[in-house]
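The next block holds one structure in the form of structure tokens; read it before the comments.
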Amino acid sequence: MPEERRRGILFSKLYSFACFLSKFEDKHAQIGRRGYSRVVYCNDPGNPGAVQLKYRGNFVSTTKYTAVNFIPKSLFEQFRRVANIYFLVVACVSFSPLAPYSAPSVLVPLLVVIGVTMAKEGVEDWRRKKQDIEANNQKVRVYRDYTFHETKWKKLRVGDLVKVCKDEYFPADIILLSSSYEDGICYVETMNLDGETNLKLKHALEVTSHLHDENSFRQFRAVIKCEDPNENLFSFVGALSYDGKEYPLSIKQLLLRDSKLKNTEYIYGVVVFTGHDTKVMQNATDPPSKRSKIEKKMDKIIYILFSTLIVIASVGSVFFGIETKKDISGGKYRRWYLRPDDSTVFYDPKRPFLAAFLHFFTALMLYGYLIPISLYVSIEIVKVLQSIFINQDQDMYDEETNRPARARTSNLNEELGQVYTILSDKTGTLTCNSMEFVKCSIAGTDYGHGTTEVERALMRRRGALSEPGDAVNDVQRHHGDAMDSRRSIRGFNFRDERIMNGQWVNDPHPDIIQKFFRVLAICHTAIPVVNKESGEILFEAESPDEAAFIIAAREVGFEFNGRTQASISLHELDYETGKKVDRVYELLQVLEFSSARKRMSVVVRNVENQLLLLCKGADSVMFERLSQDGRLFESQTRDHIKKYAEAGLRTLVIAYRELGEEEYKSWEEKFRMAKTSVTADHDALVDEAADKIERNLILLGATAVEDKLQKGVPECIKKLSQAGIKIWVLTGDKMETAVNIGYACSLLRQDMKQITITLDSPDIDALEKQGDKEAIAKASLESIMKQIREGISQINSAKQSSNSAKESTLLFGLIIDGKSLDFSLKKNVVKSFFELAMNCSSVICCRSSPKQKARVTRFVKEGTSKTTLSIGDGANDVGMLQEADIGVGISGVEGMQAVMASDYSVAQFRFLERLLLVHGHWCYRRIAMMICYFFYKNITFGFTLFWFEAQASFSGCFCTTLPRVPHLIFGGSRKHPLQLAPHPWLDV
């Protein structure tokens, strides 16, 4: 039986821009050439061509070891330690008569140390293996034998038809064929891939959108030719051959592995990339082997001690040979009690040079205390104890999620106290993945008493300037407390008695307030869904911002409760009658939001037969579109927007205009022609047509929403910065979003000068339309180099002016997008880019792919030669966590992929402060002092033994017992007051 489809809404008829237009472009001409040679036979496993193609299976492995290579690879890791090589040689020699002690006394400790460390590595890798098993054994519905059967992910093959249902992850990279919507659209959440919380709209080709049940797939056969596997998450080139015709495929038809289906009941698709060929796995990196800097420095100390050992052994052997030769003098025995007449080769007065040579090897083993194997055993035990302290720290326990901090490896504890640069993800790491409606400006009046994290930080910094009896603050605090007693509403943190509970009808401008919230309730693409259990209406929106606006409108009295193909229904409060009424608005056009347009509009007809254009967008594009009569509140609104931005809030301007019938009909005809055009400048034609109607707007006000930060993030970043740690943010978000969050978490500040590096320029856009790749690459590289030089020049000028004026140096923040980052990391540019970045207090990299995050991390690690730490919470952060010296995973809402790939895990970003500034300090001091103490003890004992040997004619005989427990107690549990730290808050 065919499944029920959403027939009421055809978004492809409402949306206006290129996301639904399939057309061949210049890059499609490369199909079949090198790099574009993949061929997929859809639903045709018996095809001879499909049989010959041996593509990878869908099995995925992220482990460091396998059953075959575990022993050799792990042994290699153990013998990277110089001391282990020494003791292996000593253990081999100890089986000979040269040894001053028995072989087991050396061999057993060596086997214990290596065995314990290998076992620890095995346990950590087994955890990764369990994650892989869980992922590979997830179930998906595959079309075989004319019906859909459940099978495991790992059994998927290229060309299989699959069905994925709502809230399920895609098991491979899939070409969308159809969905539960009649026109074949679906919504996809890519948080695991690029960190963005807003939903992406995907659209099937019109020729396959009718395929929606088992019977329709019986005769379905097609061939897909596309690009070879690569790591680019934001592009795809291919073509579908079906029914004798060829149709272009783009990223709009590609559903990526580890992204999730949202707001859509089901989709059908065909698998094109499986396993390690998928784009997310192409962005993955192999699990690295990490060693702490102390351990590497110990190797150098071992070299010095080994050289000392050779010198001591050589001196002892020389004197031993001299003393041995003296034992026979003139046929008399000097030391008759040693029985030189009945001696072995190891003590033969007749062959003193050979005896001295053999004694040299005995001395190497005898003075082995200079290179003690017990040090490594002690360090391993101490590190385990330190890991237990981290795991049991109640100050890093999150009650809300019931998750403590976890040291997933003990090898890097001391590195926590040496971190120089932190590279952080944004979404889910700094923020909570939710938007809250906090404030608004309507008719020039500021509404909303809620305070943001940034505002609270500003209040603390400006506390001396604030008047203690500020009446306005007192009133706001009073009303805020009163409103906080109400039930908490997700996405809504608005507090103002002038608006809430229907009080807005008594405002001097109730008509403008009504129009303002109507725009919020109508100008969107969300779908209301009724929860069958509670009866509550939930909103499936493309972005958290959109959902927050709809919820805000509902709470004020404008409830969005229904949508069809041609209408939107509201249950709203009429300020004239004071009663709730149902109103239906005829939906005529949707001019959707894009990063280039920076605005969204809808055209509707109300019950009074008025044609209305409702618009919301960024202030940078909205104010210039206002009519002369529509600027009544412009000055006040601009001031409010500036104040909201200083508070770290994301703002949108709200406006509208009334359209005449003739004007609309004339525009609609031109717009329809632009939409249906198939020329290369299609997008430009549509933008131009939309621009003509989005003019002469009347300003209503502005909204301010907060991308809710995790608790304590600004304070944590402030303390880390003041401790001298540089912080970079690497995110897949758009530049505007990343900059807003930068201000919200105090990474960027109002007194900072921003340096922005981007390729969003008219010249580059013009070249991209021409399709000349060489010209684009050349122009892009020149543009990036020019922007970097200008940035360095700005910094140098600021330094010179501050030195001459004896003022504090102006701080700089660097913002760069993903395309620019690719060029900045090229060999001839990277040195200049590094110079620019290191002179900036904060760096934000936007639109970064997972592989770019890993490359930037490697670039910072190698460029600074200092300890780097990466922190993230999603699968898109795994490469970054593995590339850094230390990887910290956030056990958040994006799954456990980041945690499984990390060295340490915490529940909240704020716990990073204690992990680094307290535990990092303690671990480093304890390990460093214990190692110094150990070497002091052993050097002292070694030279004491040498002195004893001198008294015993360097005979190689000794007996001693040394206690080990004091070193473990000293290194494992001693607390050091953080008095050496440069800042008072580090004293614990």
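The values are calculated or read from the model by the stated rules, or taken from the named source; none is laboratory data. Fair warning: this is a prediction, and the values are worked out from it, not measured in the lab. In this analysis, Cβ positions are derived from the backbone assuming ideal geometry, glycine residues included, and neighbour counts consider all displayed protein chains.
Numerical summary
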item: Residue list for segment 837-855, filter: in a helix (DSSP H, G or I) and either more than 12 Å from the chain's Cα centre (by Cα) or outside the structural domain of Trp728 (by TED's automatic domain parsing) (or both); result: Ala837, Met838, Arg855
item: Hits in segment 547-570 (condition: touching a Phe, Trp or Tyr at 6+ places or on another chain (Cβ under 8 Å), closer than 25 Å to Leu199 by Cβ and not aliphatic (A, V, I, L, M)); result: Phe549, Arg554, Glu555, Phe558, Phe560, Ser567, Ser569
item: Residues of segment 36-84 satisfying the condition of being β-branched (Val, Ile, Thr), surrounded by 15 or more Cβ atoms within 10 Å (Cβ to Cβ) and either over 30 Å from Ile114 (Cα atoms) or more than 29 Å from the chain's Cα centre (by Cα) (or both); result: Val39, Val40, Val82
item: Enumeration of residues in segment 768-780 that are farther than 30 Å from Leu810 by Cβ and modelled with pLDDT of 75 or more; result: Glu774, Ala775, Ile776, Ala777, Lys778, Ala779
item: Selection status of Arg914, farther than 14 Å from Ile727 by Cβ and without any contact (Cβ under 8 Å) to a residue 60 or more places away in the chain; result: no
item: First in segment 563-580 and under 11 Å from Arg518 (Cα atoms), second anywhere and among the acidic types (Asp, Glu), Cβ under 6 Å, 6 or more apart; result: His571/Glu559; His571/Asp582
item: Residue in segment 815-822 that is polar (S, T, N, Q), part of a helix (DSSP H, G or I) and under 22 Å from Lys799 (Cβ atoms) present; result: no
item: Residues within segment 624-651 that are under 30 Å from Leu747 (Cβ atoms), surrounded by fewer than 18 Cβ atoms within 10 Å (Cβ to Cβ) and touching a residue at least 12 places away in the same chain (Cβ under 8 Å), tallied; result: 4
item: Positions within segment 524-557 being more than 36 Å from the chain's Cα centre (by Cα) and under 28 Å from Ile185 (Cα atoms), in sequence order; result: Gly535
item: Test: residue in segment 376-395 that is closer than 21 Å to Ile114 by Cα, buried (at least 16 other Cβ atoms within 10 Å of the Cβ) and touching a Cys at 6+ places or on another chain (Cβ under 7 Å); result: yes
item: Checklist (1) of a type in the set (Gly, Ala, Ser); (2) surrounded by 13 or more Cβ atoms within 10 Å (Cβ to Cβ); (3) modelled with pLDDT of 80 or more applied to Ser797, failing item; result: (2)
item: Criterion (in a strand (DSSP E or B) and buried (at least 20 other Cβ atoms within 10 Å of the Cβ)) met by exactly one of Val584, Val602; result: Val602
item: Test for Ser378: is it at pLDDT 90 or above and not assigned by TED's automatic domain parsing to the domain that holds Ser842; result: no
item: Residue check, Lys152 of a type outside the set (Phe, Trp, Tyr), farther than 25 Å from Leu730 by Cα, out of contact with any Leu (no Cβ under 9 Å at 6 or more places or on another chain) and modelled with pLDDT of 85 or more; result: yes
item: Among residues of segment 299-309, those that are out of contact with any Phe, Trp or Tyr (no Cβ under 9 Å at 6 or more places or on another chain) and not hydroxyl-bearing (Ser, Thr, Tyr), counted; result: 3
item: Qualifying positions in segment 818-855 - surrounded by 20 or more Cβ atoms within 10 Å (Cβ to Cβ), in contact with a strand residue (DSSP E or B) (Cβ under 8 Å, 6 or more places away or on another chain) and modelled with pLDDT of 85 or more; result: Ser820, Leu821, Ser824, Leu836, Ala837, Cys840, Ser842, Val843, Ile844, Cys845, Lys853
item: Selection within segment 116-137 - under 26 Å from the mean Cα position of the chain (by Cα), over 18 Å from Val68 (Cα atoms) and surrounded by 13 or more Cβ atoms within 10 Å (Cβ to Cβ); result: Gln131, Ala135, Asn136
item: Among (1) out of contact with any Asp or Glu (no Cβ under 9 Å at 6 or more places or on another chain); (2) crowded, with 17+ Cβ neighbours inside 10 Å - the single one Ser666 does not satisfy; result: (2)
item: Conditions (1) surrounded by fewer than 22 Cβ atoms within 10 Å (Cβ to Cβ); (2) touching a residue at least 24 places away in the same chain (Cβ under 8 Å): number failed by Met880; result: (1)
item: Test: residue in segment 703-710 that is buried (at least 16 other Cβ atoms within 10 Å of the Cβ), modelled with pLDDT under 85, within 36 Å of the chain's Cα centre (by Cα) and of a type in the set (Val, Ile, Thr); result: no
item: Extreme residue, surrounded by the most Cβ atoms within 10 Å (Cβ to Cβ), among residues of segment 406-423 that are of a type in the set (Ser, Thr, Tyr) and closer than 21 Å to Arg127 by Cβ; result: Ser410
item: Residue within segment 142-149 that is in a loop (DSSP other than H, G, I, E, B), outside the structural domain of Gly46 (by TED's automatic domain parsing), of a type in the set (Asp, Glu) and at pLDDT below 90 present; result: yes
item: Candidates Phe170, Phe148 - the one that is touching a residue at least 60 places away in the same chain (Cβ under 8 Å), in contact with an Asp or Glu (Cβ under 9 Å, 6 or more places away or on another chain) and buried (at least 21 other Cβ atoms within 10 Å of the Cβ); result: Phe170
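Yes or no, residue by residue, for (1) crowded, with 18+ Cβ neighbours inside 10 Å; (2) acidic (Asp, Glu); (3) over 27 Å from the mean Cα position of the chain (by Cα); (4) not assigned by TED's automatic domain parsing to the domain that holds Ser594:
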position	(1), (2), (3), (4)
Ser721	no, no, no, yes
Val729	yes, no, no, yes
Asp733	yes, yes, no, yes
Ile741	yes, no, no, yes
Leu748	yes, no, no, yes
Lys753	no, no, no, yes
Asp760	no, yes, no, yes
Ile764	no, no, yes, yes
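The rows are residues; the columns are (1) surrounded by 12 or more Cβ atoms within 10 Å (Cβ to Cβ); (2) modelled with pLDDT of 90 or more; (3) of a type in the set (A, V, I, L, M, F, W, C).
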residue: Cys440; (1), (2), (3): yes, yes, yes
residue: Thr451; (1), (2), (3): yes, no, no
residue: Asp474; (1), (2), (3): no, no, no
residue: Ile512; (1), (2), (3): yes, yes, yes
residue: Phe517; (1), (2), (3): yes, yes, yes
residue: Ala521; (1), (2), (3): yes, yes, yes
residue: His524; (1), (2), (3): yes, no, no
residue: Gly535; (1), (2), (3): no, no, no
residue: Pro544; (1), (2), (3): yes, no, no
